[in-house]
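Accompanying notes for the structure given below.
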Amino acid sequence: MKTALASALMLAATVPAWAVPPDACSILTLEEVNSVAGGLATKVLPVRSGNPTECIFADNKKGAVLTITLREVQYAAADELHQERENDQKVYRTQSKDVLGVGEHAYWQPHNHRMGYHKGHTLVFVSFQAPKYQNEVATGQVARMIEARLK
């Protein structure tokens, strides 16, 4: 009985670091988001926790300004990102664009105004819902802020 308990405790102690991504709601502050979004965001609303974790930075009417999704993968983050990119291209029937200077691999999908990239085993997806900021430059600024926080 003691060996079974010891084995269970050892297994619990070796839970992989990739199991839970950083919290999407605490990776950036409202002030940081508003430095790009011109002060539109007033609330942080968690959408999903665990893996993936998703958060909306909303205005005073609870309308989404910015959505951040973080997902940890165990193996081949570049392949997982490539699969997400292909799925976006099929669904929206548009070509995405490679983005340099964000993460290890990054792309911009103009149809849904979403930037996806990975750093290490973390996949990051950033998209503005506020029309004024639905562009590659603003989304890229937020993506770089998040990248600076990831290990």
_Please go through (1) under 16 Å from ALA143 (Cα atoms); (2) of a type in the set (Gly, Ala, Ser); (3) in contact with an Asp or Glu (Cβ under 9 Å, 6 or more places away or on another chain); (4) outside any strand (DSSP E or B) for ALA78 and return the number of the only condition it doesn't satisfy._
(1)
*Are any of the residues in segment 86-106 at pLDDT below 90, outside any helix (DSSP H, G or I) and closer than 27 Å to GLU31 by Cβ?*
no
*Go through (1) farther than 26 Å from VAL20 by Cβ; (2) out of contact with any His (no Cβ under 6 Å at 6 or more places or on another chain); (3) exposed (fewer than 15 other Cβ atoms within 10 Å of the Cβ); (4) without any contact (Cβ under 8 Å) to a residue 40 or more places away in the chain and name the single condition GLY101 misses.*
(4)
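Can you name the residue in segment 42-75 that is assigned to a loop (DSSP other than H, G, I, E, B) and within 21 Å of LEU150 (Cβ to Cβ) and is also nearest to the chain's Cα centre (by Cα) among such residues?
First, pick out the residues of segment 42-75 that are assigned to a loop (DSSP other than H, G, I, E, B): 42, 49-52, 59-63, 73-75.
After this cut, where a residue has to be within 21 Å of LEU150 (Cβ to Cβ) as well, the list is 49-52, 73-75.
Details: SER49: 12, GLY50: 13, ASN51: 11, PRO52: 8, VAL73: 12, GLN74: 16, TYR75: 17 Å.
Across segment 42-75, the extreme among qualifying residues is PRO52.
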*Identify all residues within segment 63-94 that are under 27 Å from GLU32 (Cα atoms) and among the polar types (S, T, N, Q); write none if there are none.*
THR67, THR69
*Out of all the residues in segment 82-94, is one or more under 21 Å from GLY140 (Cβ atoms), surrounded by 16 or more Cβ atoms within 10 Å (Cβ to Cβ), under 16 Å from the mean Cα position of the chain (by Cα) and not charged (D, E, K, R)?*
no
*Could you list, in sequence order, all residues of segment 41-56 that are within 13 Å of LEU28 (Cα to Cα) and of a type in the set (Lys, Arg)?*
LYS43
*Checklist (1) of a type in the set (S, T, N, Q); (2) at pLDDT below 95; (3) touching an Asp or Glu at 6+ places or on another chain (Cβ under 6 Å) applied to THR53, failing item*: (2)
*Is it the case that GLN134 is polar (S, T, N, Q), on the phi < 0 side of the Ramachandran plot and either modelled with pLDDT of 95 or more or buried (at least 19 other Cβ atoms within 10 Å of the Cβ) (or both)?*
yes
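The values are calculated or read from the model by the stated rules, or taken from the named source; none is laboratory data. Quick caveat: nothing in here was measured; it's all calculated off a predicted structure. Because the Cβ atoms are built from the backbone with ideal geometry, glycine has one as well, and the counts that use them run over all protein chains shown.
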